1. Per residue of B:130-140, what is the mean number of Cβ atoms on other protein chains within 10 angstrom of that residue's Cβ?
2. Taking other Cβ within 10 Å of each residue's Cβ, how do B:116, B:64 sort, fewest first?
3. Under the definition of Cα pairs under 8 Å and six or more residues apart, what whole-number percent is the relative contact order of the stretch B:52-127?
4. Which of B:198, B:121, B:162 moves the most in a Gaussian network model of chain B with Cα springs under 10 Å?
5. Calculate the spin-label point distance for residue A:142 paired with residue B:39, positioning each point 7 Å from the Cα along the beta-carbon direction, and give it in nanometres.
6. Below 8 Å, C-alpha to C-alpha, sequence gap of six or more: please give me the relative contact order for the stretch A:10-55 in percent.
7. Looking at the stretch A:158-221 only, what percent of DSSP beta bridges run antiparallel? Nearest 5 please.
8. Just to check, using Stokes-Einstein with a Kirkwood Rh over alpha carbon pairs, what's the diffusion coefficient of the stretch B:28-69 at 4 °C and 1.567 mPa s in µm²/s?
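Laboratory data are not the source of any read-out in this text; all were calculated from the coordinates shown. Small disclaimer: the values here were computed from a predicted structure and weren't measured. Cβ: placed from backbone, ideal geometry, glycine included. Neighbour counts: every protein chain shown.
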């Protein structure tokens, strides 16, 4: 019998090693796995590399994990946004490394890792500072840079509903990076608002099939 | 009179074609969604996976699962849909959007765009989807204030700030003028009343020339 449900947040984040690359879903606060991020503080992993579109807002969720000093490096498209106070403090003090990646490149690098591909040639960033040091190649008269796959050791996800097989649905724009990240990590952990019985989710509506998900924990919010 | 920010957005909205798929960047361009002409169906795309962005919600309709690129609450129009990020950037990078309206720090006379970093060490850079949009959408237009608050021109011979993409901007809407980037240089299509051409040129580092049929730039009080 397959049962990916776990009873607690502690169980959900158990075993995340120090130094792990952690993909963290969300765009702004929509679809951000706040409860899982905070559970990682309790769990104790350090020297993490976080991959997330933004660098947290306020002092909860991802921002709390940053504030606890557990993140040495963040791979991010837009770290600075309204309320990104913790990141800005750490950045100003030189206590966090930032790798800035164009948003679509970040997403596609993870998709490549998920799909078993060695990378892709992208026209994005050509002629800019973010292309420095990257292999350039002209294909059919257009210039591209080589972008390498980005694989996570762990993905922390937020979804709307999930079942014991790990099938996930999302709600509105809270879907964002979560489906790609679910596919791109060795260990994918989802907090869901509601755990439902197997078969309750219409198969046509499943966005992330359970093959990509390892643990499901209900966090009613 | 110079246009206010909402009037710049109003002016840009008047040029949107019926049936166009359009991305609105954060900042000034976001205001364009308030001024879509009533006789046209325009499908607004938001990089975070929303196709069919509607007007801002009323106070009791706010849903924090439904936000735009600037993380502000939005609504979805009838016929709208949601996709995940990778598909959203397939739309952007793959040339499926007719137009992206973007903000900028600077634009050059060649249409170079600089809008992701000012290299201020105390102010972390943020690229977001700007580079993807700049090379992926079929056309790029920029909405900016003509100068900085200190009066420094934003339309320059060469961008001083690091580029987002080279030679991509085709039209610039400012509080003073509508300017096209052409193979022959910057051409002023519209200029606000009360400002003459030499005054506009003095507020612009790059060389301008008036279109033969240059019109008055005006907007309703919005």
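1. Numbers: counts 5, 15, 12, 4, 5, 10, 4, 0, 0, 0, 0.
Rounded to a whole number, the mean comes out at 5.
2. Numbers: B:116 26, B:64 13.
The order, fewest Cβ neighbours first, is B:64, B:116.
3. 19
4. Maximum fluctuation in the GNM of chain B, among the listed residues, is at B:121.
5. Taking the two extended label points, one gets 3.5 nm.
6. Working: 54 pairs, mean separation 25.1, N = 46.
Reported relative contact order: 55 percent.
7. Working: 3 of 11 bridges.
If we restrict to bridges inside the stretch A:158-221, about 25 percent are antiparallel.
8. Details: Rh = 11.4 Å.
Using the Kirkwood radius from Cα pairs, D works out to 113 µm²/s.
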